[in-house]
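Peer 1: Below you will find the structure I want to go over with you.
The values are calculated or read from the model by the stated rules, or taken from the named source; none is laboratory data. Being a predicted model, the structure only gives us computed values, none of them experimental. With ideal geometry, Cβ positions are generated from the backbone for all residues, glycine too; neighbour counts draw on all protein chains shown. Calculation scope for accessible area: heavy atoms of the full protein, side chains included, ligands and nucleic acids excluded. Shrake-Rupley method; radii C 1.70, N 1.55, O 1.52, S 1.80 Å.
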Amino acid sequence: MANEAVEEISTQQRIILLFAEARDRVGRDRVVLTIPDAQIPTVGQVRRLLIEQFPSLRDLGPRLLAAVDSRYAMNEDPVPANVDVAFFPPVSGG
Amino acid sequence: MAVALTREPIDFTQLAESVRSSAAGAVLLFLGTVRELTAGRRTVALDYEAYPEMAMREMTQLEEMALNRWPLLAVSIIHRLGHLELGEISVAIAVSSPHRHDAFDAGRFLIDEFKKVVPIWKKENWDDGTTEWVHPH
């Protein structure tokens, strides 16, 4: 067998929940994002990937709030696997 | 002590009763209702949706904050989801305390903070037939 350099690309996935205007723009209440490396991504990285994959979110992007495991999260916070992740526009309940 | 989301009309009498007790000198009930006029535009109805798990967590945290900050006897919060007509009740908050000063302060705190943090969104149904999510800057 020839010596071949086998490039192994580690990827992982996150399910992102969407609400209100963000959900309407994308047309789905959840999407699957592929994270293109093995390290745990940050909220900011996931936000960028989400907008890349769904350009209809671009103008909403910076204003979208993020939640990891049902808690508000900042751009520098990690997004571990197997917890709920949500991006949503500013709230208006009450 | 209770927080809840519902798709049914809110029974605010029951909510007020749930916090009333002989230890309380005051019961404060706040109702948020669907208003017709907003900045010159006419609402026909509102649709409310939530991120339920997180909304419950945030409402519980608000209840705990209020209980820690004021000498309250009980707090109860309920928000309705779905399609609401004019005048209907979207949110109800009941608090009880020995003295009325604390009930007023806690009640104001709870609705003001609710509107900032709880992941619930309303969609305006305007009288021109258009709809619009409300997403404050």
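Peer 1: Go through (1) β-branched (Val, Ile, Thr); (2) open to solvent by 10 Å² or more (accessible area, probe 1.4 Å); (3) touching a Leu at 6+ places or on another chain (Cβ under 9 Å) one by one and return the number of the condition B:Thr130 breaks.
Peer 2: (3)
Peer 1: Here is a check on your reading of the model: is B:Leu72 of a type outside the set (Phe, Trp, Tyr), surrounded by 13 or more Cβ atoms within 10 Å (Cβ to Cβ) and under 27 Å from B:Arg100 (Cα atoms)?
Peer 2: yes
For every residue, the table says whether it meets (1) under 30 Å from A:Glu21 (Cβ atoms); (2) surrounded by 15 or more Cβ atoms within 10 Å (Cβ to Cβ).
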residue: B:Val3; (1), (2): yes, yes
residue: B:Asp11; (1), (2): no, no
residue: B:Ser18; (1), (2): no, yes
residue: B:Ala24; (1), (2): no, yes
residue: B:Glu36; (1), (2): yes, no
residue: B:Tyr51; (1), (2): yes, yes
residue: B:Leu84; (1), (2): yes, yes
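Peer 1: Do you know which residues across segment A:82-94 are open to solvent by less than 50 Å² (accessible area, probe 1.4 Å) and more than 10 Å from chain B (Cβ to nearest Cβ)?
Peer 2: Selection gives A:Val83, A:Val85, A:Phe87.
Peer 1: Just give me the residues in segment A:34-73 being hydroxyl-bearing (Ser, Thr, Tyr) and part of a loop (DSSP other than H, G, I, E, B), in sequence order.
Peer 2: Within segment A:34-73, A:Ser70 is the sole residue that qualifies.
Peer 1: Looking at segment B:34-137, what strands (runs of 3 or more DSSP E) fall wholly within it and have at least 1 residues that are acidic (Asp, Glu), within 14 Å of chain A (Cβ to nearest Cβ) and out of contact with any helix residue (DSSP H, G or I) (no Cβ under 7 Å at 6 or more places or on another chain)?
Peer 2: B:41-50, B:120-126, B:131-133
Peer 1: Something else about it: Hey, any hits in segment B:54-67 for a residue that's modelled with pLDDT under 95 and surrounded by fewer than 17 Cβ atoms within 10 Å (Cβ to Cβ)? Give the steps one after another, and end with the answer.
Peer 2: As a first pass, look at segment B:54-67 and keep what is modelled with pLDDT under 95: none.
No, segment B:54-67 has no match at all.
Peer 1: Just need a number here: residues in segment A:27-59 that are crowded, with 20+ Cβ neighbours inside 10 Å and within 14 Å of chain B (Cβ to nearest Cβ).
Peer 2: Number satisfying all stated conditions: 1.
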